[in-house]
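S.K.: The structure that follows is given in the form of structure tokens.
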Amino acid sequence: MKPYAQMTKQELEGLQKKLKAQYKKAQELDLNLNMSRGKPSIAQLDLSMGMMDVLNSESDLRCEDGTDCRNYGVLDGIPEALQLMADMMEVPKDHLIIYGNSSLNVMYDQISRSYSHGVMGNTPWCKLDRVKFLCVVPGYDRHFRITEYFGIENVPVPMLSTGPDMDLVEKLVSEDESIKGIWCVPKYSNPTGTSYSDETVMRMARLEPAAKDFRIYWDNAYTVHHLYDMDQDRVIELLAECKRAGNPDLVYKFASTSKISFPGSGIAALAASLNNLEDIRRQLKAQTIGHDKVNQLRHVRFFGDIHGMVEHMKKHADILRPKFEAVEEILSQELGGLEIAEWTSPKGGYFISFDTMDGCAKEVVSKCAKAGVVLTPAGATWPGGHDPHDSNIRIAPSFPPLEDLKTAAKVLALCTKLAAVQKLLEGRKEEQEA
């Protein structure tokens, strides 16, 4: 079929009639499918069930330095868990603090402390007239929500094929002292699947911010989340690159085992310079006596070391890979050549970024919902939920069973066709009236 934009008004009207009949049949299936969030599937969660067996009432719950993990203390994390997370995050273990189960919680803490107490002796953000944060778009809605919650102005920065538009980032950061940070997912980004190029990372490390308390919030959530054994993206380690560039304090680096073990009870970690960690510990000492060391020990006993974690993630990939490939295959079959949509083909991570024609994303999501397929709300990948193009939709293939996912992808394609035809016919009508 030729591109929709090349069709005559009569051809579009005929096509619309056929598509509406197909849509009615889809609605009659009474579907209840959900592709709205990047949750691991039951099969993925089952991979970690052995973690429930590595500790029991007979287990020795002392870690390698003799600390009893059942008791208070050990603010930074037990030594073997620090080593495991340091290897996963590619940083020295003395540059790391282990927290509870959620890295998002750690990011919130970082923003909250900066807001109320400032960063390394700088003025608390709550005492400033204006505070801004750079947001790479399309991006992760929960990042944007944190800064929005504190009344911080989120400033969109376009995502390119190499990462954020660094020309714009460098200009904004160097000229505006009110810009205090940038949200980044450097590897298999949410939702595009983009991994930052070497040049992008090196330019990040060499930023010259006007604000002394500017920090890069480097959420390396998908650092070991590859889909393929032999075709994997590699990203330069930013903490070391910042040190080489003479900017050791420029970055906070976050990661967790949330999509490696159990999302509800993994372990999260923050890596930063020693100066930053000293600043952070001042808050932690008031906030907690220590995080869950038994859970840290459980993770170490289950994975053993980074090699055990890598082998574990290959099992995740075997489950996820067919789902991503099925979605991409169906979208190519149904929408290829029509010039009404584009989508990414990531090598890892949890999402596919799907772009409709401008002005169609909300309509596509609405039509999918009425046909029993729930998607992430249109606009969620932009600050405030406002996509100025109304085009981007985040697809999360991980949770549904494969056959349900295929059905959902076909419904998405059908709704995209319907919305595009409707938009084009409206455009033709406006042209005639003009």
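The values are calculated or read from the model by the stated rules, or taken from the named source; none is laboratory data. Computed from a predicted model, the values in this text were never measured in an experiment. Glycine gets a Cβ as well: all are built from the backbone with ideal geometry, and neighbour counts include every protein chain shown. We work out accessible area using only protein heavy atoms, side chains counted, and drop any ligands, DNA or RNA first. Shrake-Rupley method; radii C 1.70, N 1.55, O 1.52, S 1.80 Å.
S.K.: Which pairs have Cβ atoms under 8 Å, sit 6 or more apart or on different chains, and link a residue in the stretch 49-69 that is touching a residue at least 40 places away in the same chain (Cβ under 8 Å) to one that is part of a loop (DSSP other than H, G, I, E, B) and open to solvent by 90 Å² or more (accessible area, probe 1.4 Å)?
M.R.: LEU61/ARG70
S.K.: Looking only at the stretch 331-359, count every residue that is β-branched (Val, Ile, Thr) and open to solvent by less than 10 Å² (accessible area, probe 1.4 Å) and tell me the total. So that I can check it myself, show each step before the final result.
M.R.: From the stretch 331-359, those β-branched (Val, Ile, Thr) are 340, 344, 352, 356; that's our starting set.
Those left that are additionally open to solvent by less than 10 Å² (accessible area, probe 1.4 Å): 340, 352.
Residues flagged as β-branched (Val, Ile, Thr) and open to solvent by less than 10 Å² (accessible area, probe 1.4 Å) within the stretch 331-359 amount to 2.
S.K.: OK, next. If I ask for residues that are out of contact with any helix residue (DSSP H, G or I) (no Cβ under 8 Å at 6 or more places or on another chain) and buried (at least 16 other Cβ atoms within 10 Å of the Cβ), which ones from the stretch 276-291 would you list?
M.R.: Correct list: ASN276, ASP279, LEU284, GLY290, HIS291.
S.K.: Please determine, by comparing only the residues of the stretch 370-397 that are β-branched (Val, Ile, Thr) and closer than 24 Å to TYR23 by Cα, which one is surrounded by the fewest Cβ atoms within 10 Å (Cβ to Cβ). Walk me through how you get there before you give the answer.
M.R.: Going through the stretch 370-397, the residues β-branched (Val, Ile, Thr) turn out to be 373-374, 376, 381, 393, 395.
Pick out the ones that are also closer than 24 Å to TYR23 by Cα and you get 373-374, 376, 393, 395.
Working: VAL373: 26, VAL374: 16, THR376: 21, ILE393: 30, ILE395: 25.
By that ranking, first place goes to VAL374.
S.K.: Quick check, is THR200 of a type in the set (Val, Ile, Thr) and free of Cβ contacts under 8 Å to residues at least 60 places away in the same chain? Working first, answer last.
M.R.: Details: of a type in the set (Val, Ile, Thr): yes; free of Cβ contacts under 8 Å to residues at least 60 places away in the same chain: yes.
So THR200 fits the description; yes.
S.K.: Something else about it: Touching a helix residue (DSSP H, G or I) at 6+ places or on another chain (Cβ under 8 Å), of a type outside the set (D, E, K, R) and under 18 Å from GLN27 (Cβ atoms): which single residue out of ALA326, ALA419, ALA341, ALA378 fits that description? Full working, then the answer.
M.R.: Numbers: ALA326 fails: under 18 Å from GLN27 (Cβ atoms); ALA341 fails: under 18 Å from GLN27 (Cβ atoms); ALA378 fails: under 18 Å from GLN27 (Cβ atoms).
The unique qualifying residue is ALA419.
S.K.: If you check ASP292 against the conditions, is it farther than 17 Å from ARG113 by Cβ, acidic (Asp, Glu), more than 24 Å from the chain's Cα centre (by Cα) and modelled with pLDDT of 95 or more? Please lay out each step first, then the result.
M.R.: Values: farther than 17 Å from ARG113 by Cβ: yes; acidic (Asp, Glu): yes; more than 24 Å from the chain's Cα centre (by Cα): yes; modelled with pLDDT of 95 or more: yes.
Yes: the conditions hold for ASP292.
S.K.: Let me ask another. In the stretch 33-85, which residue that is assigned to a loop (DSSP other than H, G, I, E, B) and acidic (Asp, Glu) is surrounded by the most Cβ atoms within 10 Å (Cβ to Cβ)?
M.R.: Of all residues in the stretch 33-85, those assigned to a loop (DSSP other than H, G, I, E, B) come to 36-41, 47-48, 53-61, 63-67, 69-78.
Narrowing the set further to residues that are acidic (Asp, Glu) leaves 53, 58, 60, 64-65, 76.
Details: ASP53: 10, GLU58: 5, ASP60: 9, GLU64: 11, ASP65: 9, ASP76: 19.
Only one residue tops the list, namely ASP76.
S.K.: Continuing with this model, one more query. Determine the pairs where a residue that is among the hydroxyl-bearing types (Ser, Thr, Tyr), located within the stretch 164-176, has a partner that is open to solvent by less than 60 Å² (accessible area, probe 1.4 Å) with Cβ atoms under 8 Å apart, the partner being 6 or more residues away or on another chain.
M.R.: Going by the 8 Å Cβ cut-off, the qualifying pairs are SER174/LEU207; SER174/PRO209; SER174/ALA210.
S.K.: Select from the stretch 148-178 the residues that are among the hydroxyl-bearing types (Ser, Thr, Tyr) and closer than 21 Å to LEU207 by Cα and write down the one among them that is most open to solvent (accessible area, probe 1.4 Å).
M.R.: As a first pass, look at the stretch 148-178 and keep what is among the hydroxyl-bearing types (Ser, Thr, Tyr): 149, 161-162, 174, 178.
From the residues that got through so far, the ones that are closer than 21 Å to LEU207 by Cα too are 161-162, 174, 178.
Numbers: SER161: 107, THR162: 59, SER174: 60, SER178: 20 Å².
Checking each candidate, the answer is SER161.
S.K.: Turning to a different aspect of this structure: Name the strands (runs of 3 or more DSSP E) wholly inside the stretch 348-434 in which the number of residues that are over 26 Å from PRO263 (Cβ atoms) and free of Cβ contacts under 8 Å to residues at least 60 places away in the same chain is 1 or more. Steps first, answer last, please.
M.R.: Numbers: elements: 352-356, 373-375, 392-395.
It comes to 352-356.
S.K.: Of all residues in the stretch 86-107, how many are free of Cβ contacts under 8 Å to residues at least 40 places away in the same chain and surrounded by fewer than 17 Cβ atoms within 10 Å (Cβ to Cβ)?
M.R.: Final tally of qualifying residues: 1.
S.K.: When you go through GLY181, GLY121 one by one, which is the residue that is open to solvent by 20 Å² or more (accessible area, probe 1.4 Å), small (Gly, Ala, Ser), more than 21 Å from PHE351 (Cβ to Cβ) and touching a helix residue (DSSP H, G or I) at 6+ places or on another chain (Cβ under 9 Å)? Outline the logic, then answer.
M.R.: Numbers: GLY181 fails: open to solvent by 20 Å² or more (accessible area, probe 1.4 Å).
Among GLY181, GLY121, only GLY121 is open to solvent by 20 Å² or more (accessible area, probe 1.4 Å), small (Gly, Ala, Ser), more than 21 Å from PHE351 (Cβ to Cβ) and touching a helix residue (DSSP H, G or I) at 6+ places or on another chain (Cβ under 9 Å).
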